[in-house]
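J.: I'd like to ask some things about the structure below.
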Amino acid sequence: MSNEVTYVMVKPDGVQRGLVGEIIQRFERKGLQLVGLKQVVPSEEIARKHYAVHSERPFFSGLIKFITSGPVVCMAWSGIDAIGVARNLIGSTNGREAAPGTIRGDFGMDIGYNMIHGSDASETAEFELGLWFSEGLNEWTQDSISWIYE
Ligand code: IDP
Ligand code: MG
């Protein structure tokens, strides 16, 4: 049980479908703290770095084309066990199989177009936050925190 910061990104399909507000609201209501937020059109260079672990996969070139096709919304969320908590809110990769109540389970029908990314471990969170938020994150005190954790 430790405080973590995780990298979460609404992908171009989520932006195009008008799901940014819905997605941010779910993270906010859960009790996670927003410490970074911006909209960018990813360069091919940053997309390739972000998805480097998948570079040998057959879907890699399509994935890079998709992620660079338009604006994404980059977010950093902080909280106890934030990485796993965010992955649970997001749901499993394929929207058709993701559990109802999760973002992918409630809004998605595809494995590639699955609307949202979340870091999968502390090393990847650190790498992805450094990649997308090289300018740094915001430090602020969340007043409601004393009502979120006992
Ligand atoms: P994750 O986002 O749930 O961690 P990963 O397996 O790490 O899923 O895959 C990264 C991203 O690559 C997925 O979110 C999805 O957009 C895309 N992807 C994964 N598997 C496939 C596939 O079989 N076909 C097309 N795209 C895929
Ligand atoms: Mg992954």
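J.: In this structure, is V15 within 15 Å of ligand 1 (Cβ to nearest atom), buried (at least 21 other Cβ atoms within 10 Å of the Cβ) and touching a residue at least 40 places away in the same chain (Cβ under 8 Å)?
T.: Details: within 15 Å of ligand 1 (Cβ to nearest atom): yes; buried (at least 21 other Cβ atoms within 10 Å of the Cβ): no; touching a residue at least 40 places away in the same chain (Cβ under 8 Å): yes.
It is false that V15 is within 15 Å of ligand 1 (Cβ to nearest atom), buried (at least 21 other Cβ atoms within 10 Å of the Cβ) and touching a residue at least 40 places away in the same chain (Cβ under 8 Å).
J.: Let me ask something else about it. Within the range 65-73, can one find any residue that is surrounded by fewer than 19 Cβ atoms within 10 Å (Cβ to Cβ) and among the polar types (S, T, N, Q)?
T.: Among the residues of the range 65-73, at least one is surrounded by fewer than 19 Cβ atoms within 10 Å (Cβ to Cβ) and among the polar types (S, T, N, Q), which makes the answer yes.
J.: Starting from the range 135-150, keep only residues that are under 18 Å from A76 (Cα atoms), then list their pairs with residues that are outside any loop (DSSP other than H, G, I, E, B) and not hydrophobic (A, V, I, L, M, F, W, C) whose Cβ atoms are within a distance under 6 Å, requiring at least 6 positions of separation or different chains.
T.: Close Cβ pairs satisfying both conditions: L137/G36; Q142/Q33.
J.: If K49 satisfies all but one of (1) away from ligand 2 (no atom under 16 Å from the Cβ); (2) in a helix (DSSP H, G or I), what's the number of the condition it fails?
T.: If we test K49 against (1) away from ligand 2 (no atom under 16 Å from the Cβ); (2) in a helix (DSSP H, G or I), just (1) comes out false.
J.: Could you please find all residues in the range 18-33 being out of contact with any strand residue (DSSP E or B) (no Cβ under 6 Å at 6 or more places or on another chain), on the phi < 0 side of the Ramachandran plot and either surrounded by fewer than 16 Cβ atoms within 10 Å (Cβ to Cβ) or not in a loop (DSSP other than H, G, I, E, B) (or both)?
T.: G21, E22, I24, Q25, R26, E28, R29, K30
J.: Another question about this same structure. Check F127, F133 and return the single one that is away from ligand 1 (no atom under 16 Å from the Cβ), of a type in the set (F, W, Y) and surrounded by 13 or more Cβ atoms within 10 Å (Cβ to Cβ). First the steps, then the outcome.
T.: Values: F127 fails: away from ligand 1 (no atom under 16 Å from the Cβ).
Among F127, F133, only F133 is away from ligand 1 (no atom under 16 Å from the Cβ), of a type in the set (F, W, Y) and surrounded by 13 or more Cβ atoms within 10 Å (Cβ to Cβ).
J.: Next question, about the same structure. Keeping to the range 55-96, report how many residues are more than 13 Å from ligand 2 (Cβ to nearest atom) and of a type in the set (A, V, I, L, M).
T.: Counting residues in the range 55-96 that are more than 13 Å from ligand 2 (Cβ to nearest atom) and of a type in the set (A, V, I, L, M) gives 9.
J.: Something else now. Being free of Cβ contacts under 8 Å to residues at least 40 places away in the same chain, away from ligand 2 (no atom under 15 Å from the Cβ) and under 16 Å from the mean Cα position of the chain (by Cα) narrows it down to one of Q39, Q33, so name that one.
T.: Result of the check over Q39, Q33: Q39.
J.: Mind listing whichever residues of the range 82-102 are away from ligand 1 (no atom under 16 Å from the Cβ) and closer than 19 Å to G130 by Cα? Talk me through it step by step, then tell me what you get.
T.: The first filter runs over the range 82-102 and keeps only residues away from ligand 1 (no atom under 16 Å from the Cβ), leaving 100-101.
Result: no residue meets the conditions.
All of the numbers you see were taken from the coordinates with simple rules; none came from a lab. No experiment lies behind these values; they were computed from the predicted model shown. Because the Cβ atoms are built from the backbone with ideal geometry, glycine has one as well, and the counts that use them run over all protein chains shown.
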